[in-house]
1. Considering only segment 285-400, give the helices (runs of 4 or more DSSP H) lying wholly within it that have at least 3 residues that are buried (at least 18 other Cβ atoms within 10 Å of the Cβ) and among the acidic types (D, E).
2. I want to confirm something. Restricting to segment 13-47 and keeping residues that are within 25 Å of G456 (Cα to Cα) and of a type in the set (S, T, Y), which single residue is farthest from the chain's Cα centre (by Cα)?
3. Of (1) in contact with a Ser or Thr (Cβ under 8 Å, 6 or more places away or on another chain); (2) farther than 17 Å from V404 by Cβ; (3) not assigned by TED's automatic domain parsing to the domain that holds W28, A387 satisfies all except one. Which?
4. G108 is checked against (1) under 17 Å from A94 (Cβ atoms); (2) surrounded by fewer than 21 Cβ atoms within 10 Å (Cβ to Cβ) and fails just one. What number does that condition carry?
5. Quick check: is even one residue across segment 138-157 in contact with a His (Cβ under 9 Å, 6 or more places away or on another chain), assigned by TED's automatic domain parsing to the domain that holds T228 and not basic (K, R)?
6. For V438, which of the numbered conditions (1) under 24 Å from A56 (Cα atoms); (2) without any contact (Cβ under 8 Å) to a residue 60 or more places away in the chain; (3) among the β-branched types (V, I, T) fails to hold?
7. Name the residue that is surrounded by the most Cβ atoms within 10 Å (Cβ to Cβ), counting only residues in segment 263-284 that are farther than 23 Å from M175 by Cα and among the charged types (D, E, K, R).
8. Taking segment 127-162 as the region of interest, how many residues are part of a helix (DSSP H, G or I), of a type in the set (A, V, I, L, M) and farther than 25 Å from R194 by Cα?
Amino acid sequence: MPNVTPAMAERATAAPRALAVILALTAWRLAWLPASDLELYVDEAQYWLWGRELAAGAWSKPPLVGWLIRAANEIAGSDAAWVARLPWPLVHGAAAVAVMGVGRVLAGDAVGALAGVVYATLPAVSVGSILISTDSPQLLALALVLLAWLRAPGPWGAALAGAALAAGMWSKYAMLFALPGLAVAAWIDPRWRRPWGQAGIAAAVALVLFAPNIRWNLTHDLATVRHTVQNADWQGGLDLGRAGLFLAEQFAVAGPLGFAALLVALARRWPTGLRGLVALTAAPLAIVAAQAAQSGANANWAVGAYVPGAVLVAALLAPRPRLAMLAVALNGGLALALPVIGTRAQDWQRDGAPVLARYVGNAAVADAVLDRAAQQGAGLIVASDRALLAQLVLRATTTGGPAVVRTVPAPWGPEPSHYDLIYPLRDEPGPALWAGDVAHPPACADPVLALPPGRGELGGRALATAAVAPDCLDRLRR
């Protein structure tokens, strides 16, 4: 019987311990969700609506996020906000296990185990585990693409990678940032190369599985594509300060030691396998930094970098256990705290105002409008403000109210939304009630009646309602 060294014993127990950490953290996040008093804010309420529609597309992003919310609603038999948040800790837990698998393939058990824990405790992952984000399923899909590309040989493995790629695209178009990274990885690292035929299989499977969204866009004036291009806004001059700000924000996305370690890892020379991860990590960071220099970018737009990046960080820190423990502990403290903070959203204030303002007071505003519509016998509510529309549709549906909510053109011409695309006022009969900004009622509406001030971002706005006479309603029809 061969001698078992301490190092061998350490490696043998690394994976079970990492799995235990990932499972325990996932259970912790799930356990606090029923006590969460975070309301759905405007984007989350819109994602919830996509789950009701179960369409192949939506205005701003592909609709997978909504489908997952719908699945949680159906399984739990509830439309409560915390139920809509149930999938995300599970998605990130699964992604952490997949990242662990990638690390084990490329660098062994110890690095793989640390990579899974590094991913699971990333601040971006901790936030994405209590809030609803299209990033979350995209990250799981990306981890599965990398794992299938490395572990599943032959045409079937390529097909699995293509299916995972399609799943990520159903969540967010930023999944495509992985493709240039994979191309460069295959160029510089033989471990990431596969025959051209298999690459073609992966591309064909992804295209076939994603085709319904392409068809939806073609039949809806390329709505999602146009929205994505408008968000990019490639019109201004280059501003390297914006790119620097974006990179500085990555210290919050990955944690202070986590991103510092990633920068060091990106500058190192790695052996075959890990070398390809440098390209996969650098690609989304470089693409979004260039976008930031052009017209600005949100810090989370390059979050796909941290699936391969977690493995690089683990490979750098594994030989430095004290530094690895400190990096994980710093991020882990936040990972444990955020689910608890989510239970105090209604009470946590600063200078008399809610700190988590966009997650507070939304239902109260929508209910006030619905109550006013009921008092006036209006079965139709019209609005043009996306934030208000999102909450009105959510509350009108989940409370079983009789009111129908439709969107009308805004006098100041805002950017269109999903509600303009799918729910414009057509031939719905009155009587109707308009709701929106007190300063921008329809010119033909009756005198406005202000809503009482409320809490949070939506409640803090100057909102009002006004009765809409039949002739005015006709003028507002598309």
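1. Counting at least 3 such residues, we get no helices (runs of 4 or more DSSP H) at all.
2. Taking the candidates together, the pick is S36.
3. (1) is the only condition that A387 fails.
4. If we test G108 against (1) under 17 Å from A94 (Cβ atoms); (2) surrounded by fewer than 21 Cβ atoms within 10 Å (Cβ to Cβ), just (1) comes out false.
5. yes
6. The single condition V438 does not satisfy is (1).
7. Looking at residues that are farther than 23 Å from M175 by Cα and among the charged types (D, E, K, R), I get R268.
8. 1
The values are calculated or read from the model by the stated rules, or taken from the named source; none is laboratory data. None of the values given here were measured: they were computed from a predicted structure. As a convention, Cβ positions derive from the backbone with ideal geometry for all residues, glycine included, and neighbour counts pool all protein chains shown.
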